[in-house]
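Engineer: Below is one structure. I have some questions about it.
The values are calculated or read from the model by the stated rules, or taken from the named source; none is laboratory data. These numbers were taken from a predicted model, which means no experiment stands behind them. Cβ coordinates were reconstructed from backbone atoms using ideal geometry, including for glycine residues, and neighbour counts include every protein chain displayed. We work out accessible area using only protein heavy atoms, side chains counted, and drop any ligands, DNA or RNA first. Shrake-Rupley method; radii C 1.70, N 1.55, O 1.52, S 1.80 Å.
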Amino acid sequence: MKEISSNKKRMQINKIIIHLLLILGAIITIIPFVWMILTSFKTLGESTIIPPTIFPKQMQWENYKEAMRTLPYGKFYFNTIVYTMLTTIGQIVFCSMAGYAFARINFKGKNFIFVLILSVLMVPGQIFLIPQFMIMKKLGLLNSITALVLPGLFSAYGTFLMRQFYMGIPKELEEAARLDGCNHFTIFWKIMTPLVKPGIAALAITACLYCWNSLMWPLIVNTSIDKMTLSAGLSTLSGQHGTNFPVAMAGTVLAVWPMIVLFAIFQKHFVEGMASTGSKG
Amino acid sequence: MKAITDIKDNQNNKASKASGKRKLNDLFWGYLLILPTVLGLAVFYIAAFFQNLYYSFTNLGAFGKYKWIGMENYINVFSDPKVPQALINTVKFTVISVPISIIISLFIATLLNSKIKGLSLYRTLYFLPAVTMPAAIAMMWKWLYNGQYGLLNQLLAKVGIEGQAWIADPKFAMGALIIVGIWSSLGMKIIYFLAGLQGIPKAYYEAATIDGAGPIRQFFSITLPSLTPTIFFVMITSLIGALQMFDLIFLMISKTSLAVDSTMSIVYLFYKYAFEFQEKGYASAISIVLFMIILVITAIQLRLQKKWVNY
């Protein structure tokens, strides 16, 4: 009896140590966020007091108004949302179509084309940038949403991911549908695609995150301020308002809150989606 | 189009076998469904790759006109002192940040994998940097690192350490960037490791406990060997990611800073030549060199994996 209770005690102590370590790590992880939010409500004077105050003496909502005055956040939001939504929807449609075909249909040349697509994954993204930029320039598309969206509609990674999910569906299902007289499109659209929802969720999340946060491509193709995304717009802020940190922090909060709110709501899906891309990829 | 007429021909010919019809049908739907992706990838990625390769042998500049100049860009890449400097910086960032972030995230994931309460809260907190845009991460950390008013220096002052202008000083800038790099990449790795850990059969641990193996012994004898495929995946992806680092340096190190030379990465150098100095031909050559480096490192990794990855 004594041994069991001491064992239990040891387990409990272990658990406390684990929690302490995890809490310490979590604090280190979120300090920059907390400090950003707190600073965004301070006056310029208060933000530079030594020693620093933790909570703002008086909430300065004015910083947010000032941030919105210095940069067209409305346009940034619009561009980013349109860019993110179009790319995500495009990838879901095109990658599931191609993923299904590569996973479930046998046709001549399939393996060769698939290897070609996989080879795209091996190449660092910078290799494509100059030619993609030149295409957009030639088509007169610089500084447009189209330029932002177009190359990202097609994804080797997404095709591979969706193929893995379609491959996981049992063959019997397909054969039963075929006996009922379904053609490939019906099997793809009505029967299999509803079954790969976790895959679609994973793809949607990665595409969303990627677009919302991506920097180099938006920076290159859209240089006029009213066609910029939040990410590119924010990068101009760091040069302009190097000194007024509360306003800069307010601007940063404006840029990150939508993704963080989305993440808080779909936390489980985000995490599972990312985990599944890791194990399937 | 050929497939469609084939199908029609096929339909007219009632004697044809059902399997032949099925094959044509497969061919038609197969190509139709992959068409958008294949076309898009062919134009924007595969053709672009070869276009970039071609540009690397030209003097493509700001105005879109260019002529073939042979190996000149490549000769310049190897004689330009900026390239080895950027390479050294990139390698420094990679070899320091990748192992440290793998070890820390593996440690946190192991802690999270023990039966404890609040798992989803911890997961949320640790994953937060992974959903935050690099532009915002850079802004936050610039403020934390600020030489005069930054929180970091204020905290250091409390324990009697003199603060520095972390990202403006060539001595410290790379270290400061590495810390942000590690901090922002942990969440993703934790998620991958946690998924890997949850795939290890519980029976292994039960058997080990009966044999009297403690938690540390269990970690090295069960957890680590079972996790090698995940470690391999995370290592490959984070190596490639670190070798392509751009966002953080571009956003955190101001262009006039003394620390520019000691932090410039190979991709930043590529960006600078391509879109600031408008020497796109030369930038293409830099990107091809980076591609070669990544290719060699990945090939070595794939070769070495046989020695340590257990599938």
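Engineer: What number of residues within the stretch B:128-163 satisfy the criterion of being within 9 Å of chain A (Cβ to nearest Cβ), closer than 24 Å to A:Ile50 by Cα and more than 18 Å from the chain's Cα centre (by Cα)?
Structural biologist: Counting residues in the stretch B:128-163 that are within 9 Å of chain A (Cβ to nearest Cβ), closer than 24 Å to A:Ile50 by Cα and more than 18 Å from the chain's Cα centre (by Cα) gives 13.
Engineer: Please find, among B:Ile236, B:Ile288, the residue that is out of contact with any Lys or Arg (no Cβ under 8 Å at 6 or more places or on another chain), buried (at least 17 other Cβ atoms within 10 Å of the Cβ) and in contact (Cβ under 8 Å) with a residue 60 or more places away in the chain.
Structural biologist: After applying the criteria, what remains is B:Ile288.
Engineer: Going through the stretch B:239-267 one residue at a time, which ones are at the interface with chain A (Cβ under 10 Å from one of its Cβ atoms), over 18 Å from B:Ser101 (Cβ atoms) and buried (at least 20 other Cβ atoms within 10 Å of the Cβ)?
Structural biologist: Result: B:Phe250, B:Leu251, B:Ile266, B:Val267.
Engineer: Still on this structure: Quickly run through the stretch B:184-208 and pick out the residues that are in contact with a Lys or Arg (Cβ under 8 Å, 6 or more places away or on another chain) and farther than 15 Å from B:Thr230 by Cα.
Structural biologist: Correct list: B:Ala208 only.
Engineer: Please enumerate the residues belonging to the stretch B:98-111 that are among the hydrophobic types (A, V, I, L, M, F, W, C) and either under 30 Å from A:Leu219 (Cβ atoms) or more than 7 Å from chain A (Cβ to nearest Cβ) (or both).
Structural biologist: B:Val98, B:Ile100, B:Ile102, B:Ile103, B:Ile104, B:Leu106, B:Phe107, B:Ala109
Engineer: Hey, another quick one. Considering the stretch B:61-81 alone, what residues qualify as being part of a helix (DSSP H, G or I) and more than 24 Å from A:Pro131 (Cα to Cα)? First the steps, then the outcome.
Structural biologist: So the first thing to find is which residues in the stretch B:61-81 are part of a helix (DSSP H, G or I), and the list is B:72-79.
Residue satisfying the conditions is B:Ser79 alone.
Engineer: How many of the residues making up the stretch A:133-158 are at the interface with chain B (Cβ under 10 Å from one of its Cβ atoms), without any contact (Cβ under 8 Å) to a residue 40 or more places away in the chain and more than 30 Å from A:Phe185 (Cα to Cα)?
Structural biologist: Counting residues in the stretch A:133-158 that are at the interface with chain B (Cβ under 10 Å from one of its Cβ atoms), without any contact (Cβ under 8 Å) to a residue 40 or more places away in the chain and more than 30 Å from A:Phe185 (Cα to Cα) gives 4.
Each row is one residue, and each column tells you yes or no for (1) among the hydrophobic types (A, V, I, L, M, F, W, C); (2) within 26 Å of A:Pro124 (Cα to Cα).
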{"residue": "A:Glu172", "(1), (2)": "no, no"}
{"residue": "A:Arg178", "(1), (2)": "no, no"}
{"residue": "A:Cys182", "(1), (2)": "yes, no"}
{"residue": "A:Phe185", "(1), (2)": "yes, no"}
{"residue": "A:Asp226", "(1), (2)": "no, no"}
{"residue": "A:Leu234", "(1), (2)": "yes, yes"}
{"residue": "A:Ala250", "(1), (2)": "yes, no"}
{"residue": "A:Val261", "(1), (2)": "yes, no"}
{"residue": "A:Lys268", "(1), (2)": "no, no"}
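Engineer: Within the stretch A:199-220, is even one residue more than 24 Å from A:Gly74 (Cβ to Cβ), in contact (Cβ under 8 Å) with a residue 12 or more places away in the chain and open to solvent by 60 Å² or more (accessible area, probe 1.4 Å)?
Structural biologist: no
Engineer: For the stretch A:236-251, state whether one or more residues are surrounded by 21 or more Cβ atoms within 10 Å (Cβ to Cβ) and polar (S, T, N, Q).
Structural biologist: no
Engineer: Is there any pair with a first residue in the stretch B:149-167 that is within 17 Å of B:Val180 (Cα to Cα) and a second that is open to solvent by 60 Å² or more (accessible area, probe 1.4 Å) and of a type in the set (Asp, Glu) whose Cβ atoms are under 9 Å apart and which are 6 or more apart or on different chains, and what are they?
Structural biologist: Matching pairs, first to second residue: B:Asn153/B:Glu162.
Engineer: For the condition within 30 Å of A:Thr146 (Cα to Cα), within 13 Å of another protein chain (Cβ to nearest Cβ) and buried (at least 17 other Cβ atoms within 10 Å of the Cβ), what is the one hit in B:Ala42, B:Ala48?
Structural biologist: Step by step, each of B:Ala42, B:Ala48 is checked, and only B:Ala48 is within 30 Å of A:Thr146 (Cα to Cα), within 13 Å of another protein chain (Cβ to nearest Cβ) and buried (at least 17 other Cβ atoms within 10 Å of the Cβ).
Engineer: Can you give me the number of residues within the stretch B:254-280 that are closer than 18 Å to A:Trp217 by Cα and either among the hydrophobic types (A, V, I, L, M, F, W, C) or assigned to a helix (DSSP H, G or I) (or both)?
Structural biologist: 13
Engineer: Just to confirm my filter: which helices (runs of 4 or more DSSP H) fall fully inside the stretch A:36-116 and include at least 3 residues that are open to solvent by less than 80 Å² (accessible area, probe 1.4 Å) and among the small types (Gly, Ala, Ser)? So that I can check it myself, show each step before the final result.
Structural biologist: Values: elements: A:44-47, A:62-70, A:73-104.
Passing ranges, in order: A:73-104.
Engineer: Here is a further query. Condition test on A:Ile191, is it assigned to a helix (DSSP H, G or I), at the interface with chain B (Cβ under 9 Å from one of its Cβ atoms), open to solvent by 20 Å² or more (accessible area, probe 1.4 Å) and at pLDDT below 95?
Structural biologist: no
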